[in-house]
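As C-alpha cells, the structure follows; a few thoughts come after it.
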Amino acid sequence: AQRVTQPEKLLSVFKGAPVELKCNYSYSGSPELFWYVQYSRQRLQLLLRHISRESIKGFTADLNKGETSFHLKKPFAQEEDSAMYYCALSGDTGNQFYFGTGTSLTVIP
Amino acid sequence: NAGVTQTPKFQVLKTGQSMTLQCAQDMNHEYMSWYRQDPGMGLRLIHYSVGAGITDQGEVPNGYNVSRSTTEDFPLRLLSAAPSQTSVYFCASSYPQAGKLFFGSGTQLSVL
C-alpha cells in the first residue's frame, strides 16, 4: 500500500511566487514526516522534519493529522530552489522509511 | 570527512551475472540502508541494518542479499542480475531512529 503520495511530478513557478509541494500520507501508527531534497549533481539531503518545526531555506511544512498531509511551502520561490523534492515517512520503529515519488520543482527566472 | 561512499558509480551487467555494490560510512552510524530509485516509483527500501550482524528486509528485498559484518560497511549483493534490477541504487545511514538519513552519491546499474 502506498504510504506517501506526491500528486505532482512536475511543478513550475515564477521567481518570487509562492510555492506549495503537496504530500499526503497513510499510516496507521504515529509516523514521522520529512522532506528531502536533491539539487542538481548533489546528494539527496534532509530539508526538514516535522518534529523540528523549523524553517529551512525559507521552507516550512506543517503536519495536518486530520488531512494526513505534510505540504511543503515557501512564500517566495528562488531560482536556487529548483530541485527534486521527496516527501518521506518513517514508521513507528524509525527503521523503515517510505518515500513519495518526488516532485521536480522548476523556478522560472 | 567522506560521509557515505558508494562504489562503483556506474555498472553494466549481463542477465545472470552477480555483483556487489559497496557502501561504507565513516560516521559511526549504526543504521544503514539500501534504496532503489526508479522513474515514477520514488525511492524504495530494499534492506536495512540497525547494527553489525543485524539485517532486515524492506519493501523490495527479492533478488538482493545483504550482510553487516562491521559498523562501517553494508554491501548489497545481486546474485543473479535481471533486467528488472536496472535502477539507481542509494545507500543511506543514520543514527538509530534519528530520522536524518545521510545518502551516498548513488550507483547507476544497467542489466542487459
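The values are calculated or read from the model by the stated rules, or taken from the named source; none is laboratory data. Quick caveat, the model's predicted, so the values are computed rather than measured. Heads up, the Cβs are rebuilt from the backbone with ideal geometry, glycines too, and the neighbour counts pull from every protein chain shown. Note: accessible area is taken over every heavy atom of the protein model, side chains too, but ligands, DNA and RNA are not part of it. Shrake-Rupley method; radii C 1.70, N 1.55, O 1.52, S 1.80 Å.
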Please indicate, with yes or no, whether at least one residue in the stretch B:79-89 is in a helix (DSSP H, G or I), among the polar types (S, T, N, Q) and either surrounded by fewer than 23 Cβ atoms within 10 Å (Cβ to Cβ) or touching a helix residue (DSSP H, G or I) at 6+ places or on another chain (Cβ under 6 Å) (or both). yes
Exactly one of these conditions fails for B:L109: (1) open to solvent by 30 Å² or more (accessible area, probe 1.4 Å); (2) within 30 Å of A:P7 (Cα to Cα). Give me its number. (1)
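In the stretch B:53-69, which residue that is hydrophobic (A, V, I, L, M, F, W, C) and open to solvent by less than 80 Å² (accessible area, probe 1.4 Å) is modelled with the lowest pLDDT? Give the derivation first.
Start the filter on the stretch B:53-69 by keeping residues that are hydrophobic (A, V, I, L, M, F, W, C), which leaves B:54, B:60, B:66.
If we keep only those that are open to solvent by less than 80 Å² (accessible area, probe 1.4 Å) too, we end up with B:60, B:66.
On the way: B:V60: 94, B:V66: 97.
Top of the filtered list is B:V60.
Considering only the stretch B:89-103, state which residues are of a type outside the set (S, T, N, Q) and under 19 Å from B:N65 (Cα atoms).
Step one: filter the stretch B:89-103 for residues of a type outside the set (S, T, N, Q), giving B:89-92, B:95-96, B:98-103.
B:Y89, B:F90, B:C91, B:A92, listed by residue number.
Check whether at least one residue in the stretch B:59-72 is without any contact (Cβ under 8 Å) to a residue 60 or more places away in the chain, at the interface with chain A (Cβ under 10 Å from one of its Cβ atoms) and touching a strand residue (DSSP E or B) at 6+ places or on another chain (Cβ under 8 Å), and report yes or no. Step through it out loud before you land on a result.
Taking the stretch B:59-72 and keeping what is without any contact (Cβ under 8 Å) to a residue 60 or more places away in the chain, we get B:59-72.
From what's left, at the interface with chain A (Cβ under 10 Å from one of its Cβ atoms): B:59.
Next cut, touching a strand residue (DSSP E or B) at 6+ places or on another chain (Cβ under 8 Å) only: B:59.
Yes, some residue in the stretch B:59-72 is without any contact (Cβ under 8 Å) to a residue 60 or more places away in the chain, at the interface with chain A (Cβ under 10 Å from one of its Cβ atoms) and touching a strand residue (DSSP E or B) at 6+ places or on another chain (Cβ under 8 Å).
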Given the criterion facing chain A (nearest Cβ under 8 Å), in contact (Cβ under 8 Å) with a residue 24 or more places away in the chain and on the phi < 0 side of the Ramachandran plot, identify the matching residue among B:P83, B:P96. B:P96
Qualifying residue in the stretch A:79-92 (condition: within 11 Å of another protein chain (Cβ to nearest Cβ) and open to solvent by 40 Å² or more (accessible area, probe 1.4 Å)): yes
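A:S40: open to solvent by 60 Å² or more (accessible area, probe 1.4 Å) and either within 14 Å of chain B (Cβ to nearest Cβ) or on the phi > 0 side of the Ramachandran plot (or both), yes or no? Working first, answer last.
Values: open to solvent by 60 Å² or more (accessible area, probe 1.4 Å): yes; either within 14 Å of chain B (Cβ to nearest Cβ) or on the phi > 0 side of the Ramachandran plot (or both): yes.
Spelling it out, A:S40 is indeed open to solvent by 60 Å² or more (accessible area, probe 1.4 Å) and either within 14 Å of chain B (Cβ to nearest Cβ) or on the phi > 0 side of the Ramachandran plot (or both).
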